[in-house]
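What follows is a single structure, written as structure tokens, with notes after it.
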Amino acid sequence: MNTRKDRQLDQIANLITELACGDYDKRINTTNFKDKNLLIAALLNMLAGHLKNIFKNLSAYSAPINFELLFFLFDEDLNVTNWNSISGNYIKSESLNNLNSFLTRSSVNKIKKLFNSDKSEISLDLKYKFKDELIVSLDSRISCLSRENKIYIMSAIRNIPIKELHISRNKKLNRRVANKFDIWKNKKIIDRVYHYLMNNLDKPFPSIEFLAKKVNANPSLLKRGFPLLYGSTMAQFHLEKRMEKAKDLLKASDTTQIIIAERCGFISDAHFSRTFKKFYGITPSKCR
């Protein structure tokens, strides 16, 4: 079990990491800190504040900052009745039900002052307790939605650090690359599946896993590639070709319907008749 000093050192290390990554909004809650740890935490909080002011001034001359919006709906008892998904990404789920659980005491006191004032809206710098146990200072806005029902809305803006933006963009880029399908590179493999299906119209459609093993390919490659080349799924394509074969045999020969059903991969004449009617809208006997 970690001691209190161990947890405090973890918080100090977390804040140093966040500052190095360009996130200057977070702070350490120094309530239970003592001795050297208190001094280090206090100095780091001061450093974070100075860095935030420096980069806030620089941002006026730089590109627009990417941000996320946290949203909370709460009553006069500070019970939170609703929040957006982004809020749930940063605040522990068990803490989301009441402002006291994820705001510092000083921040809660600031909000309470609104209850006794005539203002319907106020901007505040509030301190939030995030999942990593660091205190995050965010520009927030409180608005009164209903004085009668004592319903309030709180929104907070979180600037996204540069490192997080790079990670997010890299993930999106990697997903695009992974999802990109090179049709010409895989055409030979898919053509082998096409020829196998055409040469086996006298059998029911095999499983996709069977076809993948047959051509030594990944099933997902076949699922994505076959429709791109042939306009339908492998199962739909195979059924369509079996139905075309059955229709040709019915019109061009005196072969019994039962034999035609077998030659087109159906286990019974009844199954063949139902499928044929569903496909063409008429029974096999009316096709002759």
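Taking every residue in the range 122-147 that is at positive phi and pairing it with any residue that is of a type outside the set (Lys, Arg), at least 6 positions away or on another chain, the pairs with Cβ-Cβ distances below 8 Å are Glu133/Asp10; Glu133/Gln11; Glu133/Asn14; Glu133/Asn29.
Take the conditions (1) part of a loop (DSSP other than H, G, I, E, B); (2) hydroxyl-bearing (Ser, Thr, Tyr); (3) within 21 Å of Thr31 (Cα to Cα); Ser101 misses just one of them, which is (1).
Filtering the range 270-284 to residues that are farther than 16 Å from Lys245 by Cβ and either outside the structural domain of Lys247 (by TED's automatic domain parsing) or buried (at least 16 other Cβ atoms within 10 Å of the Cβ) (or both) leaves nothing.
Table: residues versus (1) out of contact with any Lys or Arg (no Cβ under 9 Å at 6 or more places or on another chain); (2) within 17 Å of Gln11 (Cα to Cα); (3) at pLDDT below 85.
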{"position": "Asp35", "(1), (2), (3)": "yes, yes, yes"}
{"position": "Leu43", "(1), (2), (3)": "yes, yes, yes"}
{"position": "Leu51", "(1), (2), (3)": "yes, no, yes"}
{"position": "Ile54", "(1), (2), (3)": "yes, no, yes"}
{"position": "Pro64", "(1), (2), (3)": "yes, no, yes"}
{"position": "Asp75", "(1), (2), (3)": "no, no, no"}
{"position": "Asn89", "(1), (2), (3)": "no, no, no"}
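Pick from the range 113-135 the residues that are within 21 Å of Ile91 (Cβ to Cβ) and charged (D, E, K, R): which of them is surrounded by the fewest Cβ atoms within 10 Å (Cβ to Cβ)? The residue in question is Asp125. From the list Leu211, Leu197, Leu201, Leu250, the lone residue that is hydrophobic (A, V, I, L, M, F, W, C) and modelled with pLDDT under 95 is Leu250. Counting only strands (runs of 3 or more DSSP E) that sit wholly inside the range 119-188, those with at least 2 residues that are modelled with pLDDT of 85 or more, under 30 Å from Phe33 (Cα atoms) and touching a helix residue (DSSP H, G or I) at 6+ places or on another chain (Cβ under 6 Å) are 121-129.
Starting from residues that are in contact with a Ser or Thr (Cβ under 8 Å, 6 or more places away or on another chain) and assigned to a helix (DSSP H, G or I), keep the ones in the range 1-47 and report whichever is surrounded by the fewest Cβ atoms within 10 Å (Cβ to Cβ). Reasoning before the result, please.
Applying the first criterion (in contact with a Ser or Thr (Cβ under 8 Å, 6 or more places away or on another chain)) to the range 1-47 yields 25-27, 29, 38, 41-42, 45.
Pick out the ones that are also assigned to a helix (DSSP H, G or I) and you get 38, 41-42, 45.
Values: Leu38: 15, Ala41: 20, Ala42: 13, Asn45: 18.
Applying the filter and picking the extreme gives Ala42.
Residues that are within 13 Å of Ser273 (Cβ to Cβ) and in contact with a Cys (Cβ under 8 Å, 6 or more places away or on another chain) within the range 248-260 comprise just one, Leu250.
The values are calculated or read from the model by the stated rules, or taken from the named source; none is laboratory data. Remember, predicted model here, so these are calculated numbers, not experimental data. In this analysis, Cβ positions are derived from the backbone assuming ideal geometry, glycine residues included, and neighbour counts consider all displayed protein chains.
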